[in-house]
Amino acid sequence: MKDQQLGKVLIVEDEPLILNIAQDEFEDAGYEVIVATDGQSAIEALERHPDVRLLFTDIRMPGQPDGWDLAHRARQMLPDLTVIYATGFSGGEPRPVEGSLLFMKPYRLATIIEAARSLDGPRRHS
């Protein structure tokens, strides 16, 4: 049962099992969850939901944009957006947006949610 509403999170993940588990965990933690399975559908979701507070995105996904480019475009749309990346791939040059976090798979969703709350805390109270 949700004790509080922490705002909207957009979860972008192309693996259905991971996406479903993440959705359940974030909902249980008190977030309203929107999901997307690739970067383009995530951009469209952000256009429909400009009140999203948190982007939790995989980096490697089918199509374009990838997670790095998605976060940069999302921050142009929503400058105060909290961004957390997740990946199972360690190759390539990281291109994170300022103030974001990166978690390597496998990760614990409880750790991600705790990090999201801590990153979002100052914005919520300002």
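The values are calculated or read from the model by the stated rules, or taken from the named source; none is laboratory data. This is a predicted model, so every value here is computed, not measured. Ideal geometry is used to build each Cβ from the backbone, glycine not excepted, and the neighbour counts take in all protein chains shown.
Out of all the residues in region 1-53, which are of a type in the set (Gly, Ala, Ser) and over 13 Å from the mean Cα position of the chain (by Cα)?
Within region 1-53, Ala29, Gly30, Ser41 meet the criteria.
Among the residues of region 37-78, write down those that are in a loop (DSSP other than H, G, I, E, B) and of a type in the set (Lys, Arg).
Arg60
Modelled with pLDDT of 95 or more and out of contact with any strand residue (DSSP E or B) (no Cβ under 8 Å at 6 or more places or on another chain): is that true of Pro62 in this structure?
Answer is no for this residue.
Tell me which residues, restricted to region 42-70, are surrounded by 15 or more Cβ atoms within 10 Å (Cβ to Cβ) and farther than 19 Å from Thr111 by Cβ.
Across region 42-70, the qualifying residues are Ala42, Ile43, Ala45, Leu46, Val52, Met61, Pro65, Asp66, Trp68, Leu70.
So, Asp28, is that one charged (D, E, K, R) and out of contact with any Asp or Glu (no Cβ under 8 Å at 6 or more places or on another chain) or not?
yes
Condition first: more than 25 Å from Gln5 (Cβ to Cβ) and touching a residue at least 12 places away in the same chain (Cβ under 8 Å). Can you find one or more residues in region 42-49 that meet it?
No, region 42-49 contains no residue that is more than 25 Å from Gln5 (Cβ to Cβ) and touching a residue at least 12 places away in the same chain (Cβ under 8 Å).
Please name all residue pairs, on different chains or six or more residues apart, with Cβ atoms under 8 Å, provided the first residue is in region 72-86 and is touching a residue at least 40 places away in the same chain (Cβ under 8 Å) and the second residue is part of a loop (DSSP other than H, G, I, E, B) and not aliphatic (A, V, I, L, M).
Here the result reads Thr82/Gly99; Thr82/Ser100; Ala86/Glu13; Ala86/Lys105; Ala86/Tyr107, each pair linking region 72-86 to a residue that is part of a loop (DSSP other than H, G, I, E, B) and not aliphatic (A, V, I, L, M).
If you scan region 69-92, which residues turn out to be in contact with a Gly (Cβ under 9 Å, 6 or more places away or on another chain), within 19 Å of Ile112 (Cβ to Cβ) and not hydroxyl-bearing (Ser, Thr, Tyr)?
Leu70, Val83, Ala86, listed by residue number.
Out of the residues in region 83-126 meeting the condition of being of a type in the set (Val, Ile, Thr) and surrounded by 12 or more Cβ atoms within 10 Å (Cβ to Cβ), tell me which one is modelled with the lowest pLDDT.
The residue in question is Thr87.
Kindly indicate whether any position in region 25-33 is crowded, with 19+ Cβ neighbours inside 10 Å, part of a loop (DSSP other than H, G, I, E, B) and in contact with a Leu (Cβ under 9 Å, 6 or more places away or on another chain).
yes
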